[in-house]
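Reading through the structure tokens given below for one structure.
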Amino acid sequence: MTEFERFAAALAKTESNDFELTWGDAKEPDGTSQLHWGGLGHSAKGANFMAMGRWQMHPAWYHDWHEEDTAVDASWDEEFRRALERFWHNHLGGERSIVHMAMVFHLGRHAVDKGNWDAAYAERFSRFFAAKTEES
């Protein structure tokens, strides 16, 4: 397992418990959204969700990091992973730690540069990252 794969796996566990169909960051937390998959309909609390997928990517974040050459048969999950890999390579070596890089992903560079830090997020990410080894 490469360091990027460890990072991606730990980030996915931290953001969504590694569940590809996760929607989050509702603009209207008391609203209701209809969810449909497998022919079944469900409702969920919240509306106008701003984040999706196992890495809980926002549209603006994805816009900044996506590849221009998306294959016709690409899935959102595959494209999100490619964007995350671009983010990884862009920040590799310049960050103080892998946890710092995860925090930049989570809060944004400007927020982290201003001193914002989510200690609970950092602890969860660190635990998941440490659990991923070369063998797992």
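The values are calculated or read from the model by the stated rules, or taken from the named source; none is laboratory data. It should be emphasised that the depicted structure is a prediction, and the values quoted were computed from it without experimental measurement. Cβ atoms come from the backbone with ideal geometry, glycine included; neighbour counts cover every protein chain shown.
Six or more apart or on different chains, Cβ under 7 Å: which pairs go from a residue in the stretch 62-76 that's modelled with pLDDT of 90 or more to one that's of a type in the set (A, V, I, L, M)? Could you list them?
TYR62/ALA83; TRP65/ALA83; HIS66/ALA83
Given LEU21, LEU40, LEU35, which one is surrounded by fewer than 13 Cβ atoms within 10 Å (Cβ to Cβ), among the hydrophobic types (A, V, I, L, M, F, W, C), over 22 Å from PHE125 (Cβ atoms) and touching a Phe, Trp or Tyr at 6+ places or on another chain (Cβ under 8 Å)?
Selected residue: LEU35, the only one of LEU21, LEU40, LEU35 that is surrounded by fewer than 13 Cβ atoms within 10 Å (Cβ to Cβ), among the hydrophobic types (A, V, I, L, M, F, W, C), over 22 Å from PHE125 (Cβ atoms) and touching a Phe, Trp or Tyr at 6+ places or on another chain (Cβ under 8 Å).
Among the helices (runs of 4 or more DSSP H) contained in the stretch 81-132, which hold 1 or more residues that are out of contact with any Phe, Trp or Tyr (no Cβ under 7 Å at 6 or more places or on another chain) and hydroxyl-bearing (Ser, Thr, Tyr)?
119-131
In this structure, does GLU67 turn out to be more than 22 Å from LYS13 (Cα to Cα), outside any strand (DSSP E or B) and in contact with a helix residue (DSSP H, G or I) (Cβ under 8 Å, 6 or more places away or on another chain)?
When the stated conditions are applied, GLU67 passes them.
Would you pick out the residues in the stretch 82-136 that are under 18 Å from SER16 (Cα atoms), more than 14 Å from the chain's Cα centre (by Cα) and among the charged types (D, E, K, R)?
ASP118, GLU123, ARG127, LYS132, listed by residue number.
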